[in-house]
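Notes to accompany the following structure.
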Amino acid sequence: MSKPYQQQLDELAGLILQYTVNEGVHSTELPSLSLIRESDITEPIFRLNEASFCIVVQGQKEMLLGQERFQYGPGSYIVATMDLPVSGQVIEASPVAPYLALKLEFACSEILEVIQHTRLSPMSNDATRRAMYVSKTSSELLNAVIRLAQLLEGDAEDIFMLFPLYKKEILYRVLKGPQGSALKQMTQEGSHTYRIRNVIEHMVTHISQPVRIEELAELANMSQASFHRHFKAVTAISPLQFIKQLRLQEARRLLMSQAMDASEAAYQVGYESPSQFSREYSRLFGCPPMKDIQRLGGNEY
């Protein structure tokens, strides 16, 4: 007999607390698995969010993709089907009841493998879906997540044998969920979402190179109008806004982690004009580069 839903949440919360003595994001011995704990409301954190599944066990968080807001709390999970520039903020947390979450990153190949070895139905149409969504965690999915987290208490052989199986089960249940079709689209060769994902991978790996929309549209095998429409349907922002956020977030990371000046960071991510870089940086992050870095004090990355 399955445990009551709240009891499942409490059990997962206990596991996360056990392995997160300090605040922040904690990598684990399980590949691609992170545990998150925050005892206070945080400022918005800007980052490139990898393709991932993240379940909240306690507290509340808000994610902003373009102008679209995603709010999720206990028993909800958020899925990003591809790399997306977002800002995230813990909006409910306290030392007594900290924000607790578990994040599992995945690759397109792992989703495709699950689909190929099950009887999950293929996509019936190519209606382009948003690459991020929030959904309610079923008891079956929550049980699979608990079993995966319990591997932290096991030995290396348990992890080697069982982690891939439990991860496949989680992905399978997410695919079977009410919005699993958005995840299927990223693997369906030829779909608009599949082609947009390929373009995003190109943008991420060629972040400092000049961007020409006609070249990106050609890479996606679409007309410029169709490319712009489907790109925004998937990511909630235009291609130019996307690359701008990618560059500014990477520049901020360089400023924080490598102690370079603003002009050098601007050049590294493809800006030719330091003044334009400073203006766009201030618009996104709220203040000029060096003042922003002093304010953060190295705490964001």
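The values are calculated or read from the model by the stated rules, or taken from the named source; none is laboratory data. Everything numeric here is computed off the predicted structure, so don't read it as measured data. Positions of Cβ are backbone-derived with ideal geometry, glycine not excepted, and every protein chain shown enters the neighbour counts. We work out accessible area using only protein heavy atoms, side chains counted, and drop any ligands, DNA or RNA first. Shrake-Rupley method; radii C 1.70, N 1.55, O 1.52, S 1.80 Å.
A few remarks follow.
- Kirkwood analysis of the stretch 1-129, using all unique Cα-Cα pairs, places the hydrodynamic radius at 16.1 Å.
- Solvent-accessible surface of the stretch 138-221, taken per residue with a 1.4 Å probe and all protein chains present: 49 Å².
- Helix runs (DSSP H) in the chain reaching 15 Å along axis by Cα, Kyte-Doolittle at least 1.0: none
- GNM top mover of T235, T28, T81 - the chain, alpha-carbon springs below 10 Å: T28
- Where only alpha carbons of the stretch 89-236 are counted, the Rg and the Dmax (Å): 18.5, 54
- Applying the criteria of a DSSP loop state and at most 16 other Cβ atoms within 10 Å to the GluC sites (Glu not before Pro) of the stretch 122-208 yields E189.
- Taking GluC sites (Glu not before Pro) across the stretch 21-81, the ones in a DSSP loop with at most 13 further Cβ atoms lying within 10 angstrom of their Cβ are E29.
- Using θ = phi - 60° and Karplus 6.51 cos²θ - 1.76 cosθ + 1.60, couplings along the stretch 260-266 (whole Hz; Gly, Pro as x): 9, 7, 5, 5, 5, 4, 4
- Helical content alone sets the calculated 222 nm signal of the chain at -14500 deg cm²/dmol, taking -39,500 (n - 2.57) per DSSP H segment of four or more residues and averaging over every residue.
- Note on the chain: with neighbouring protein chains present and a 1.4 Å probe, carbon and sulfur make up 50 percent of its accessible heavy-atom surface.
- Here the Gaussian network model covers the chain, with springs between Cα atoms less than 10 Å apart; of Q188, Q18, Q150, Q18 fluctuates the most.
- Principal axes of the stretch 20-82: Cα extent on each, largest first, Å: 34, 27, 23
- Cα centre as origin, Lys/Arg/Asp/Glu Cβ charges: the stretch 24-131 dipole, Debye: 240 debye
- Theoretical FRET efficiency, 1/(1+(r/R0)^6), r = Cβ-Cβ of Q179 and D155, R0 41 Å, to 0.05: 0.70
- Between the listed residues A107, Y133, L84, the Cα displaced farthest toward the positive end of the dipole of the stretch 67-182, a dipole computed from Cβ unit charges relative to the Cα centre, is found at Y133.
- Computed from point charges on the beta carbon alone (+1 for Lys and Arg, -1 for Asp and Glu), the dipole magnitude for the chain about its Cα centre is near 960 Debye.
- A full extension of the chain between N22 and K291 corresponds to an added length of 94.1 nm, given 0.36 nm per residue minus the alpha carbon distance.
- The stretch 188-295 - charge dipole about Cα centre, Lys and Arg +1 at Cβ, Asp and Glu -1, debye rounded to 20: 440 debye
- Listed residue (F163, H230, F46) projecting farthest to the positive dipole end of the chain, Cβ model: H230
- Solvent-accessible area per residue in the stretch 229-301 equals 50 Å², computed with a 1.4 angstrom probe and all protein chains kept.
- Using a Gaussian network model of the chain in which every pair of alpha carbons under 10 angstrom is joined by a spring, one finds that among A265, A101, A131 the greatest mean-square fluctuation is at A265.
- For the stretch 9-106: accessible area per residue (Å², 1.4 Å): 39 Å²
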